[in-house]
Ligand SMILES: [Zn+2]
Ligand SMILES: [Zn+2]
Ligand SMILES: [Zn+2]
């Protein structure tokens, strides 16, 4: 049976565990990105303070006591995505055809506006503002945990046209998904396998080894460590990992939150004005705290594109050895 034409819908590749969200509504999304290298300003930026009526009603905000939702007075604001990739009211589908598997495009798609003033880079915000943003990621993850039908909450950032941003004002996104994404599942399974064979969490082991050798270290604080990834896909790919073992990001401590924000801001400042993504990897929602999985952030600068080799194979070519990248990010040459 062919899937019916109700969107959005997830479609699975006939052979691979590769799900594609078919979401025609996204085609209507306006973009500030006329020239790929440069994001132009909106006539009026919908994310600036004073323009709250330009967006859907806020679902959460850190705001001054006494101010009303959808009015000025906020520091970080969360709104539903006006052009959601997945939606709460996705139409039901019943298509379990072995060649054409589909699922409803169910999910929750939110935008986090990171500051009220028109600033284009998270790294330009104060330490306190960045801490607020990461605190909002934690709080939204904790809230979406109770939303029925979700198995994973993906927090991610697109900065710059080469990283997929279409609005200039600094913001990030949250997609609540009905299944665990393949890369997260692979990482989870790989970590479980490592733990079975060696009796330790691979991320804790990685931290110990990176701290001992120092060759890929970028920034070290009491709570968090940033290092370039041993097999980084992109030049300057950097992972930020808490020293204390924990599977679920929303369980982080106040001290970890403060350090994480400072380390992320510091690494992004060192990277400079390059397009980049950063993404959270945390345990799937239904999983209990586990001895093998350890939440972390991955910062993916987009200095090199994804081309034929990467698309054909799922493998990557990185022209900059991660050890050299770390030396440069430490400002040693
Ligand atoms: Zn703005
Ligand atoms: Zn660990
Ligand atoms: Zn990861």
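Each reported figure results from applying straightforward, stated rules to the coordinates on display, with no laboratory input. On a predicted model such as this, the values are computed, not experimentally measured, just so you know. Backbone-built Cβ (ideal geometry, glycine too); neighbour counts: all protein chains shown.
Please work out whether the stretch 135-247 counts as rounded, prolate or oblate from its C-alpha gyration tensor, where a ≥ b ≥ c are the square roots of the eigenvalues and a/c under 1.5 means rounded, while otherwise a/b larger than b/c means prolate and anything else oblate? Note, shape of the stretch 135-247 comes out oblate.
If the segment from residue 16 to residue 222 were pulled out straight at 0.36 nm per residue, it would be longer than the present Cα-Cα gap by 70.0 nm. Is the stretch 216-333 rounded, prolate or oblate when judged by the Cα gyration tensor, a ≥ b ≥ c being the square roots of its eigenvalues, rounded requiring a/c under 1.5 and prolate requiring a/b larger than b/c? Oblate, because a/c is 1.5 or more while a/b does not exceed b/c.
Among 155-164, 272-281, 185-194, the peptide with the highest mean count of other Cβ atoms within 10 Å heads the list, and the full ranking is 155-164, 272-281, 185-194.
Under 19 Å from a label point set 7 Å out along the Cα-to-Cβ vector of residue 147, the amide N atoms of the stretch 87-119 belong to 87-93, 103-114. The coefficient of translational diffusion for the stretch 60-164, derived via Stokes-Einstein from the alpha carbon Kirkwood radius under 25 °C and 0.890 mPa s, stands at 152 µm²/s. The label point for residue 304 and the one for residue 196, both projected 7 Å from the Cα toward the Cβ, are 3.3 nm apart. Summed over qualifying helices (DSSP H, 4 residues or more, each -39500 (n - 2.57)) and divided by its residue number, the chain shows a 222 nm mean residue ellipticity of -7500 deg cm²/dmol. Structural descriptor for the stretch 60-160: relative contact order 22 percent, calculated from alpha carbon pairs under 8 angstrom and at least 6 residues apart. How would you classify the stretch 292-333 from its alpha-carbon gyration tensor, with a ≥ b ≥ c the square roots of the eigenvalues: rounded for a/c under 1.5, else prolate if a/b is greater than b/c, otherwise oblate? Since a/c reaches 1.5 but b/c is at least a/b, the shape of the stretch 292-333 is classed as oblate. Our note on the geometry: Cα centres of the stretch 259-333 and the stretch 95-152, 18 Å apart.
With coordinates expressed along the principal axes, the C-alpha atoms belonging to the chain extend over 53, 52, 39 Å, beginning with the largest. Relative contact order, whole percent, for the chain stands at 16, derived from Cα pairs under 8 Å and 6 or more residues apart. Between residue 82 and residue 26, the contour length at 0.36 nm per residue exceeds the alpha carbon distance by 19.2 nm. Taking every alpha-carbon pair under 8 Å whose residues sit at least 6 apart, the stretch 74-227 reaches a relative contact order of 20 percent.
Peptides 14-24, 98-108 ordered by packing proxy, namely the average of other Cβ atoms within 10 Å per residue, highest first: 98-108, 14-24.
Taken over the C-alpha atoms, the stretch 128-186 has Rg and Dmax values of 13.2, 34 angstrom.
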